[in-house]
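Participant: Once you've had a glance at the structure underneath, I'll fire off some questions.
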Amino acid sequence: MNAPRRWIAHLDMDAFYASVELLRYPELKGQPVVIGGGRRHQPELLPDGTRRFARLAGYAGRGVVTTATYAARDHGVHSGMGLMKAAVRAPEAVLLPTDFEQYRLYSRRFKAAVAELAPVIEDRGIDEIYIDLTDVPGAQEPLGHDPHGGVRALALEIKNNVRSATGLTCSIGVTPNKLLSKIASELDKPDGLALLTEADIATRIWPLPVRSINGIGPKAGARLMALGWKTIGDVAAQPRALLLEHFGRSYGAWLHEASHGRDDRLVVTHSEPVSMSRETTFERDLHAKRDRAELTTIFTRLAEQVAGDLQRKGYVGRTIGIKLRFDDFKTVTRDMTVETPTADASAIRLAAGLCLKRVDLSRRLRLLGVRVGTLQRAALLSSAPP
DNA sequence: TCTGGGGTCCTAGGACCC
DNA sequence: TCTGGGGTCCTAGGACCC
């Protein structure tokens, strides 16, 4: 009997936050809508029952675009962009505040809808997952003239189940591995389904820009570009030794494998958190001396928030650290390891305060964060033996 | 018009230990 | 003085992702 062909799906919700907002405000369908910024732009319910929405025009502040509808993307607005810049490109776009609770609700719903059909799921955040379809009944069967018809039908069924459970569309890539599926889910977006095998790598993957690979970010992308290697195929055409020479043993070898579409990572259905943190960017830059009272209040609140997160989720941690960002955007971190793992707000605040003393605070600050790492489950922490 | 917040993983040097 | 070799922990920074 033949070994089953490995089928991994990557499912990505289409413009997730924006699409959830459109369910709530269907009158915005087709309009440019941007999600992001603070809480000061809630829609206003007018006496005649209609709503008045905030527009992007005139936005002042440090927010960024979290998600934009496809109509807003047509104006050159995309996630990560500063809202001030987005306002120049699409002043008429509707601006909505982020409502993470609502998105988490829909996240649970779409994941449950997938799990009904295919239970081996790896969480990759609020709006995407990997699914191992290999052992799902029917996935190995042909259908009519289509040798991979079974797995294609399964992917369509998953899309339909997600849509009926949430009213939302998603895009799915189905391929032999996570790396290729992640790329494939983008190929047909929105509401897409792309099924690829090794035989399609040369025609469908190699023409894509290097940045399409998950793991090649702005820095590596620029370095590859400087070498004249623009597409994945360009990288795949380089001798392995040359990649090792330019990018080191580890990353170079990975680049070689990835460009050939090879990846044997498993779908991981459970993972434990490594760290938890809270951070905040101030509305204006603060100075350690002149704004001391305000900073102290924020610092303590961050410690309390992390402590609350840890306690709610049942974790304690030994590494307590801070993160500072200065007005020149330079970022520094300091951390220390404490003897007893803790989730206690005052213990965290105390250690974080010691970390802060190790930093030169002559520049003004734009961000402050508190982090607890080296986590373990609080329940596993037995009381000290006699 | 400067660039959010929450994460993971990797690297690298020094301390410390055997 | 003339100094191995590993292993692990701690700390800082950086790349990358959603």
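Participant: Looking at A:Val77, A:Val20, A:Val65, which one is in a strand (DSSP E or B) and not assigned by TED's automatic domain parsing to the domain that holds A:Gly150?
Facilitator: When all the criteria are applied, what remains is A:Val65.
Participant: Return yes or no: is A:Ala139 crowded, with 21+ Cβ neighbours inside 10 Å, away from DNA strand B (no atom under 16 Å from the Cβ) and assigned to a loop (DSSP other than H, G, I, E, B)? Outline the logic, then answer.
Facilitator: Details: crowded, with 21+ Cβ neighbours inside 10 Å: yes; away from DNA strand B (no atom under 16 Å from the Cβ): yes; assigned to a loop (DSSP other than H, G, I, E, B): yes.
Yes; evaluated as a whole, the condition is true for this residue.
Participant: Does A:Arg240 satisfy being without any contact (Cβ under 8 Å) to a residue 12 or more places away in the chain and outside the structural domain of A:Ala303 (by TED's automatic domain parsing)?
Facilitator: Working: without any contact (Cβ under 8 Å) to a residue 12 or more places away in the chain: no; outside the structural domain of A:Ala303 (by TED's automatic domain parsing): yes.
No.
Participant: Which residues, taken from region A:208-236, are exposed (fewer than 12 other Cβ atoms within 10 Å of the Cβ) and not in a helix (DSSP H, G or I)?
Facilitator: Residues satisfying the conditions are A:Gly217, A:Gly228.
Participant: Please enumerate the residues belonging to region A:316-364 that are loosely packed, with under 15 Cβ neighbours inside 10 Å, in a strand (DSSP E or B) and within 13 Å of DNA strand B (Cβ to nearest atom).
Facilitator: Hits for region A:316-364 are A:Thr331, A:Thr333, A:Met336, A:Thr337.
Participant: Is there a residue in region A:214-231 that is within 30 Å of A:Ala115 (Cα to Cα) and within 12 Å of DNA strand B (Cβ to nearest atom)?
Facilitator: yes
Participant: A follow-up question, please. Does A:Ser271 meet the test of being surrounded by fewer than 12 Cβ atoms within 10 Å (Cβ to Cβ) and on the phi < 0 side of the Ramachandran plot?
Facilitator: The answer is yes for A:Ser271.
Participant: Where the second residue is part of a strand (DSSP E or B) and among the polar types (S, T, N, Q) and the first is at pLDDT 95 or above and lies in region A:350-369, which pairs have Cβ atoms under 6 Å and are six or more apart or on separate chains?
Facilitator: Going by the 6 Å Cβ cut-off, the qualifying pairs are A:Arg366/A:Thr281; A:Leu367/A:Thr281; A:Gly369/A:Ser277.
The values are calculated or read from the model by the stated rules, or taken from the named source; none is laboratory data. What you see is a predicted model, and the numbers here were worked out from it, not measured in a lab. Ideal geometry is used to build each Cβ from the backbone, glycine not excepted, and the neighbour counts take in all protein chains shown.
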